Amino acid sequence: MKNKLIIPILLTNLIFAIPTVLHVKKKLISVNGKSANVLTIEQNKGKWGYYAKNSDIFDVIVKNDLNNPTIIHWHGLTLPNNQDGTELTQLVIPAHGEYHYNFKLKDTGTFWMHSHEGFQEAMLAEAPLIIEAQDDSNYKQVIVMFQGFNFKSPEEILTKIKKNAKKFANMHMDMKMGRDLNDTNFDAYLTNYHTPDIPHYFL
Ligand SMILES: [Cu+2]
């Protein structure tokens, strides 16, 4: 009798195992009253990031909606090396291509995902990656991600940093001034893509 029960359960699992789709896409935001193009990682209905329970299967299709390649790193998770989402362990996802990830979640915690390609992370191609313990649903979750934002493109900023580095090296003043050559000032500090005057902590 027992064996007869197993088959329908397996079939049901196969039919209902629908992967979560995560789109890497452009996002238009407003920063200090000016509109700005950034990037984000969203599910089909616009939910930002990915939420699951420990020991669930991480069954995710990353769809690249950009005109450039991308690759998304699951920051902090213990996972099979070839699904780590970096150029070191898998090929980039071409423009308008996709990649299917499938592994068992072993960690509980507040993680994040971010692009590992070019300057996309500086363009805010990032999102929460929340893995709850089995009994965590009793608590209200508040997701807060702080983001540094610049109206200048990352390419422009890098050029400026390199120029400054040269200047400081020539003047032998970098150490005396106690400055980190990588320092850059942000035009705004965002919380979940919003400027602080418009709090938007609750997703
Ligand atoms: Cu990372």
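If you check I61 against the conditions, is it part of a strand (DSSP E or B), crowded, with 20+ Cβ neighbours inside 10 Å and of a type in the set (A, V, I, L, M, F, W, C)? Considered against the rule, which asks whether it is part of a strand (DSSP E or B), crowded, with 20+ Cβ neighbours inside 10 Å and of a type in the set (A, V, I, L, M, F, W, C), I61 comes out as no. The residues of the stretch 61-73 that are in contact with a strand residue (DSSP E or B) (Cβ under 7 Å, 6 or more places away or on another chain) and more than 16 Å from the ligand (Cβ to nearest atom), listed by number, are I61, K63, N64, D65, L66, P69. Of the residues screened, Y51 is one that is more than 16 Å from the ligand (Cβ to nearest atom) and either of a type in the set (G, A, S) or not in a loop (DSSP other than H, G, I, E, B) (or both). Filter the stretch 74-108 down to residues that are within 14 Å of the ligand (Cβ to nearest atom) and small (G, A, S) and give me whichever is surrounded by the fewest Cβ atoms within 10 Å (Cβ to Cβ). Filtering the stretch 74-108 for residues that are within 14 Å of the ligand (Cβ to nearest atom) and small (G, A, S), the one surrounded by the fewest Cβ atoms within 10 Å (Cβ to Cβ) comes out as G76. Among the residues of the stretch 118-162, the one identified as closer than 20 Å to H194 by Cα and hydroxyl-bearing (S, T, Y) is S153.
For the stretch 108-125, residues that are part of a strand (DSSP E or B) and of a type in the set (A, V, I, L, M, F, W, C) total 3.
For the stretch 122-133, indicate whether the set of residues that are exposed (fewer than 13 other Cβ atoms within 10 Å of the Cβ) and of a type outside the set (A, V, I, L, M, F, W, C) is non-empty. No, the stretch 122-133 has no match at all. Among the residues examined, E126 does not qualify as in contact (Cβ under 8 Å) with a residue 12 or more places away in the chain and more than 15 Å from the ligand (Cβ to nearest atom). Taking (1) of a type in the set (D, E); (2) crowded, with 16+ Cβ neighbours inside 10 Å; (3) touching a residue at least 60 places away in the same chain (Cβ under 8 Å) in turn, E117 satisfies each apart from (3).
Throughout, read-outs are computed from the coordinates displayed, never taken from laboratory work. Just so it is clear, the model here is predicted, and its values are computed rather than measured. Note that each Cβ is placed from the backbone with ideal geometry, even for glycine, and that neighbours are counted across all protein chains shown.
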